[in-house]
Amino acid sequence: MLRNPEINAVMNREFGGANRDIAKLSMPCNALPGKSIELAMTDIMNNAKMTEDKYNIEFLKRGVASAIVSVHDEIKRRGLEDWKEDIEFLRHIRNACSHGNRFTFRGKEPGRPAKLGAMEITRNQDGVGPVLFDFITLGDAVLLLDSVTRRLDPDVAKLF
């Protein structure tokens, strides 16, 4: 994103020049009680501008995979698995995220319809990968998370 000239211009305007050393991101750190880690915005900008897009995509995949696993685990923890098509879709995507970014079915899986819009996960996809950013795009992941997170908080407005 920071390689986009328009976004980069805004970041340089806001955090460049005289603001270069002032603007910092402060993050609490549980490993160091009472302390925070501070990173200068210019360092964050420079680190984000990696010369090879494959690294940026890999970092994005990890964040998306983490969100998918976390949301599914929280739905399961709260007993909100209602076996609707989008929850089943999430369950299979979550499993793929945790098993080498590939669909891995056991027994008679998938046993229930697993759909998100026009997309469907079927037995024929056993072993297929990569799942993130190939089978599902970033937009699909956002749509999926929007669809299922409303079960965690029904008052959240639907994005799409």
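The values are calculated or read from the model by the stated rules, or taken from the named source; none is laboratory data. For clarity, every value in this text was computed on a predicted model and none was experimentally measured. Please note: Cβ atoms are built from the backbone with ideal geometry, for glycine as well, and neighbour counts cover all protein chains shown.
Each residue in the stretch 92-123 was checked for being in contact (Cβ under 8 Å) with a residue 24 or more places away in the chain, assigned to a loop (DSSP other than H, G, I, E, B) and under 19 Å from VAL64 (Cβ atoms), and 7 pass. In the stretch 136-146, the residue that is modelled with the lowest pLDDT out of those that are of a type outside the set (Asp, Glu) and touching a Phe, Trp or Tyr at 6+ places or on another chain (Cβ under 8 Å) is LEU143. The residues in the stretch 93-129 that are on the phi < 0 side of the Ramachandran plot and under 15 Å from the mean Cα position of the chain (by Cα) can be counted, and the count is 6.
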